[in-house]
1. Need one number: the % of Cα-Cα pairs in the range 36-138 sitting beyond the 18 Å mark.
2. Can you work out the accessible area per residue across the range 26-76, with the rest of the protein chains kept in place, probe 1.4 Å, in square angstrom?
3. Multiply the residue separation of residue 72 and residue 29 by 0.36 nm, subtract the distance between their alpha-carbon atoms, and state the gained length in nm to one decimal.
4. In nm, to one decimal, how far is the modelled label at residue 219 from the one at residue 88, with both set 7 Å along Cα→Cβ?
5. Pulled fully out, how much extra length does the chain show between residue 14 and residue 200, if you take 0.36 nm times their separation in residues and subtract their Cα-Cα distance?
6. Strictly greater than 16 Å: what percent of every Cα pair in the range 154-210 meets that?
7. In vacuo Debye scattering of the chain, one point per C-alpha: log10 I(q)/I(0) at q = 0.08, 0.10, 0.13 Å⁻¹?
8. State the answer as a single residue: which of 26, 100, 123 lies farthest towards the positive end of the charge dipole of the chain, with beta carbon charges of +1 for Lys and Arg and -1 for Asp and Glu, about the Cα centre.
Amino acid sequence: MTTKIVLIDDHKLFREGVKRILEFEQSFSVVAEGDDGSSALPLVEEHQPDVVLMDINMPDTNGVEATAALINKFPDVNVIILSIHDDENYVTHALKSGAQGYLLKEMDSNSLIEAIKVVSDGGSYLHPKVTHNLVQEYRRLVEENTSKGMEKFIEYRKPLHLLTRRECEVLQLLADGKSNRGVAESLYISEKTVKNHVSNILQKMSVNDRTQAVVTAIRNGWVEVL
């Protein structure tokens, strides 16, 4: 089946570059483009896309506002925010608006394609660098609450009852903010092998995507947050 995509970004050159990348994926089709968040509603209404790629910074209606309006009218639409900002405040606002993904514009083409596939299947996808920053913020909040006696210390332990040792290593690297390529380079294995490990991890942990896996691992003390 073809994944229909609407691309909204006020920089024409960037749009053309993204569109060219997506055209190499036979299962993708960019059905419409817009240059401002205000164009999102009419384009989605007309083309009924599976995924909307939305720039966060646009002159009139920004991506967060446009996403909130889209989700309000089309609850099933999947929005991926494109941004130059890795600050957790931007990410939090984007996710609160209903976005299912958050990618930095420094991403490589493989990450973009992977994100679209994950989100179109109902999952969520955060750029690895963004995941790392959110983990750091989570750690800060835990330490702050611990100092106030509001949170018990979570002892770190590998989930060997659930995952293999190699899968534990992969999970730790995901929590460290590594991409599939980064994990592959760290463990001296192929990206295909990494993808297989990630799939196994998600299945064993009963989660839909790597972001949920990292959050679950942190809450259970299955990874070290450095």
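1. The answer is 42 percent, as a whole percent.
2. Heavy-atom SASA per residue in the range 26-76 reads 48 Å².
3. Gain on stretching residue 72 to residue 29: 13.0 nm.
4. 1.6 nm
5. Here the answer is 63.5 nm.
6. 37 percent
7. -0.31, -0.48, -0.78
8. Ranked along the dipole, the leading option is 123.
The values are calculated or read from the model by the stated rules, or taken from the named source; none is laboratory data. Worth saying up front: this structure is predicted, and the values here are computed from it rather than measured. Cβ sites come from the backbone with ideal geometry, for glycine too, and all protein chains shown count toward neighbours. Remember, those area values only see protein heavy atoms, side chains included, never the ligands or the DNA or RNA. Shrake-Rupley method; radii C 1.70, N 1.55, O 1.52, S 1.80 Å.
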